[in-house]
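Following: one structure in structure tokens, then a few remarks.
The values are calculated or read from the model by the stated rules, or taken from the named source; none is laboratory data. Treat the numbers as computed from the prediction; the structure is a model and nothing was measured. Cβ placement follows ideal geometry from the backbone for every residue including glycine, while neighbour counts extend to all protein chains displayed. These area figures cover heavy atoms from the full protein model, side chains too; ligands, DNA and RNA do not enter into them. Shrake-Rupley method; radii C 1.70, N 1.55, O 1.52, S 1.80 Å.
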Protein chains: 2
Amino acid sequence: MLVAFAFATALTAQTNSKYILVIHGGAGTILKSQMTPEKEALYKQGLQNALDAGSKILKQGGTALDAVEATIMVLENDSLFNAGKGAVFTNEGKNELDASIMDGKTLKAGAVAGVTNIKNPITAARAVMDKSEHVMMAGKGAELFAAQNGCTVVDPSYFFTTQRWNDLLDAKREDSLKALHKDSTKAFLKQPDNHDYKYGTVGAVALDMYGNLAAATSTGGMTDKRYGRIGDSPIIGAGTYADNNTCAVSCTGWGEYFIRLSMAKTVSDRMEFAHESVKDAADEMIMKKLPSLGGDGGLIAVDKDGNFTMSFDTDGMYRGYIKSDGESKVEIYK
Amino acid sequence: MLVAFAFATALTAQTNSKYILVIHGGAGTILKSQMTPEKEALYKQGLQNALDAGSKILKQGGTALDAVEATIMVLENDSLFNAGKGAVFTNEGKNELDASIMDGKTLKAGAVAGVTNIKNPITAARAVMDKSEHVMMAGKGAELFAAQNGCTVVDPSYFFTTQRWNDLLDAKREDSLKALHKDSTKAFLKQPDNHDYKYGTVGAVALDMYGNLAAATSTGGMTDKRYGRIGDSPIIGAGTYADNNTCAVSCTGWGEYFIRLSMAKTVSDRMEFAHESVKDAADEMIMKKLPSLGGDGGLIAVDKDGNFTMSFDTDGMYRGYIKSDGESKVEIYK
């Protein structure tokens, strides 16, 4: 009897059946006035599909780590979002994909940058974390490692979508026009004029019923990007961070500013060292620090008690959450 | 007269003539018992040359940013250190170089990863910072950008040194032996048995007489590395960080652990949010957090008031500093 009681107590201490999953599908100039009801419904369904996949795992007692990976895979497979299938094209007409994942329990992390033939880059990031002693791999080396470790390899043409190809053609046309009028060495930068080139990213953060946090982020980067540019998504501490003692964070936005601020880790550090709430820490960084440097974007974060935030200073952010009590929502606009 | 007085006051407010430069040339199992007096003298001279180059700039009223770049160039050009000339070889027999730089005044930063033909990778990182709106570029794209922006291009054979080539042959021999006895998929990891493969990095942090902080780091990575592995050196927030409000940091050690801890940014955050001194913040991270995860290494950091630290939990760290009052030292062992 005493043994049974002690066992039940131990179980209660380990799990409280409470879980939460929060996702984003990118932030930017997303205005209701520019959206059709059909397109809006598609985006919402895409977000819902991702929440369903991840929460199913959490509900069945799976880990936050498995949940965020499964969630990101759904978003990567959905061509509406700039990650996996649906990724934007580089200046050379390629799709170069970045992803990262972090386990708040162990502080283990994995990331890949610039992979071109891995169907789900988040699985490659997970393989780097689980099956190597490295954290980050890039380019051909990362592709080789992913292939050797069971990730699905596809022909790069798998990532082709007409919409993203047309985006590249538009970007190149704009470049040519700019080059005629301005300093051509700056033509590739394009951010000041066309903010939405930067914001395609998907992310997920979760708290599982064992109290573990995890975060994952995946992106196709920036349309027309050149020079092997790496943004914040595959950078642990910038686009992604998770620590069971504080929070799990996934970012989306103008990546360069998120790197310069070590955005995800700083949210965690504000909680740890300044004792801010997850919402206050995220809002301070996204609403104040980020715009003070000239950047914009958003982030999702969940803390160890299940409090969460979806902070952004853009017109919209594709986002949603689901909690163990059944409460769930997907949203797009401010 | 009043005008002249006001002008003099303004100058005094802007500069206090106080500056400091701190450098490292890597940490690891550096034991006096394994060093000859000749070799020790060479290392010390190499460190002194770097301090001389950087402090000359600071003394003449140059910026911390220019000083750390010039300092790193000297260390990159010295084949004793694993950065630039003297870089270790990858598994494929190549030299793949990483570097990053950050300006504490503007929080601007630049980094390159996996470049093979840029004589001084730190100049490529600086070019990314100054001449693009990006923070990080990798591989061929980074090389193209660097070449287009005035960095000196060399044939990859420039980086060949007999010592490093022999290191690779040793590593491969060890791999083969391991593969015979152990799980061959883990043979490439080699860290547990051979710690010193990880620690070759050079770094510099400086405070200039205008109160600006800057940090820079450069490395050839890990002998026999595979899969396009990226360590902490080119990761802003991990291997390098600078913020005029707190400190400038450059790290060296087992890179994966430094990424997982966002080492450099966390030192800054501990100062900002927990109000720790630069020494306490660095020691807490290097002496406690890092070994608690199983990693080791060291870092150098200087704060906005010129206080500095050179923390490491290894047997030695090539290191040195020079202050505007003339105090200077180069050291190797614990």
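Filter region A:17-60 down to the residues that are of a type in the set (Asp, Glu) and either in contact with a strand residue (DSSP E or B) (Cβ under 9 Å, 6 or more places away or on another chain) or open to solvent by less than 30 Å² (accessible area, probe 1.4 Å) (or both), then identify the one that is farthest from A:GLY86 (Cα to Cα).
This residue is A:ASP52.
Right, B:ALA187: within 14 Å of chain A (Cβ to nearest Cβ) and either open to solvent by less than 20 Å² (accessible area, probe 1.4 Å) or modelled with pLDDT of 85 or more (or both) or not?
Criteria met by B:ALA187.
Inside region A:116-129, can you point out the residues that are over 28 Å from A:CYS247 (Cα atoms) and surrounded by 23 or more Cβ atoms within 10 Å (Cβ to Cβ)?
A:ILE118 - this is the single residue of region A:116-129 that is over 28 Å from A:CYS247 (Cα atoms) and surrounded by 23 or more Cβ atoms within 10 Å (Cβ to Cβ).
Could you grab me the full set of residues in region B:281-315 that are open to solvent by less than 20 Å² (accessible area, probe 1.4 Å) and among the aliphatic types (A, V, I, L, M)?
B:ALA281, B:ALA282, B:MET285, B:ILE286, B:LEU290, B:LEU299, B:ILE300, B:ALA301, B:VAL302
Just one of B:ALA109, B:ALA146 is more than 19 Å from the chain's Cα centre (by Cα) and over 30 Å from B:ASP175 (Cα atoms); which is it?
After applying the criteria, what remains is B:ALA146.
Matching residues to (1) farther than 16 Å from B:SER100 by Cβ; (2) out of contact with any helix residue (DSSP H, G or I) (no Cβ under 8 Å at 6 or more places or on another chain):
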{"position": "B:ILE122", "(1), (2)": "no, no"}
{"position": "B:ALA125", "(1), (2)": "no, yes"}
{"position": "B:ASP130", "(1), (2)": "no, yes"}
{"position": "B:ALA138", "(1), (2)": "no, no"}
{"position": "B:ALA147", "(1), (2)": "yes, yes"}
{"position": "B:PHE160", "(1), (2)": "yes, yes"}
{"position": "B:TRP165", "(1), (2)": "yes, yes"}
{"position": "B:LEU168", "(1), (2)": "yes, yes"}
{"position": "B:LYS172", "(1), (2)": "yes, yes"}
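Any residue at all in region A:64-79 that's in contact (Cβ under 8 Å) with a residue 40 or more places away in the chain, within 13 Å of the chain's Cα centre (by Cα) and either open to solvent by 50 Å² or more (accessible area, probe 1.4 Å) or within 14 Å of chain B (Cβ to nearest Cβ) (or both)?
Yes: one or more hits.
Which one of B:GLY298, B:GLY231 is at the interface with chain A (Cβ under 9 Å from one of its Cβ atoms), under 28 Å from B:GLU96 (Cβ atoms) and small (Gly, Ala, Ser)?
Numbers: B:GLY298 fails: at the interface with chain A (Cβ under 9 Å from one of its Cβ atoms).
Within the list B:GLY298, B:GLY231, the selection yields B:GLY231.
For region A:38-51, indicate whether the set of residues that are free of Cβ contacts under 8 Å to residues at least 12 places away in the same chain, of a type outside the set (Gly, Ala, Ser) and within 14 Å of chain B (Cβ to nearest Cβ) is non-empty.
Checked against the condition, which is being free of Cβ contacts under 8 Å to residues at least 12 places away in the same chain, of a type outside the set (Gly, Ala, Ser) and within 14 Å of chain B (Cβ to nearest Cβ), region A:38-51 yields no hits at all.
Would you confirm whether or not region A:232-243 contains a residue that is crowded, with 24+ Cβ neighbours inside 10 Å, in contact with a Leu (Cβ under 7 Å, 6 or more places away or on another chain) and either without any contact (Cβ under 8 Å) to a residue 24 or more places away in the chain or among the small types (Gly, Ala, Ser) (or both)?
Yes, there is a match, as at least one residue in region A:232-243 is crowded, with 24+ Cβ neighbours inside 10 Å, in contact with a Leu (Cβ under 7 Å, 6 or more places away or on another chain) and either without any contact (Cβ under 8 Å) to a residue 24 or more places away in the chain or among the small types (Gly, Ala, Ser) (or both).
Can you pull out the residues in region B:208-228 that are open to solvent by 10 Å² or more (accessible area, probe 1.4 Å) and at pLDDT 95 or above?
B:MET209, B:TYR210, B:GLY211, B:ASN212, listed by residue number.
Going by the structure shown, is B:LYS140 open to solvent by 10 Å² or more (accessible area, probe 1.4 Å) and within 7 Å of chain A (Cβ to nearest Cβ)?
Against the criterion (open to solvent by 10 Å² or more (accessible area, probe 1.4 Å) and within 7 Å of chain A (Cβ to nearest Cβ)), B:LYS140 qualifies.
I'm trying to understand the selection: among the residues of region B:146-160, which are open to solvent by less than 20 Å² (accessible area, probe 1.4 Å) and under 26 Å from B:ASN91 (Cα atoms)? Walk me through it before giving the result.
Step one: filter region B:146-160 for residues open to solvent by less than 20 Å² (accessible area, probe 1.4 Å), giving B:146, B:151, B:159.
Across region B:146-160, the qualifying residues are B:ALA146, B:PHE159.
Do we have any residue at all in region B:265-280 that's open to solvent by 10 Å² or more (accessible area, probe 1.4 Å), of a type in the set (Phe, Trp, Tyr) and either facing another protein chain (nearest Cβ under 9 Å) or farther than 25 Å from B:ILE122 by Cβ (or both)?
The answer is yes, given that some residue of region B:265-280 is open to solvent by 10 Å² or more (accessible area, probe 1.4 Å), of a type in the set (Phe, Trp, Tyr) and either facing another protein chain (nearest Cβ under 9 Å) or farther than 25 Å from B:ILE122 by Cβ (or both).
How many residues does region A:241-270 contain that are out of contact with any strand residue (DSSP E or B) (no Cβ under 6 Å at 6 or more places or on another chain) and not β-branched (Val, Ile, Thr)? Step through it out loud before you land on a result.
The initial filter retains those residues of region A:241-270 that are out of contact with any strand residue (DSSP E or B) (no Cβ under 6 Å at 6 or more places or on another chain), namely A:243, A:245-246, A:255-257, A:261-262, A:266, A:269-270.
Those still in the list that are not β-branched (Val, Ile, Thr) too: A:243, A:245, A:255-257, A:261-262, A:269-270.
Counting residues in region A:241-270 that are out of contact with any strand residue (DSSP E or B) (no Cβ under 6 Å at 6 or more places or on another chain) and not β-branched (Val, Ile, Thr) gives 9.
Quick check on my filter: what residues within region B:96-111 are more than 9 Å from chain A (Cβ to nearest Cβ) and crowded, with 24+ Cβ neighbours inside 10 Å? Before the answer, list the steps.
In the first step, residues of region B:96-111 are kept if they are more than 9 Å from chain A (Cβ to nearest Cβ); the result is B:96-101, B:103-105, B:110.
Those that are more than 9 Å from chain A (Cβ to nearest Cβ) and crowded, with 24+ Cβ neighbours inside 10 Å: B:GLU96, B:LEU97, B:ASP98, B:ALA99, B:SER100, B:ILE101, B:ASP103, B:GLY104, B:GLY110.
Could you tell me whether B:THR252 is among the polar types (S, T, N, Q), under 19 Å from A:SER268 (Cα atoms) and more than 10 Å from chain A (Cβ to nearest Cβ)?
No.
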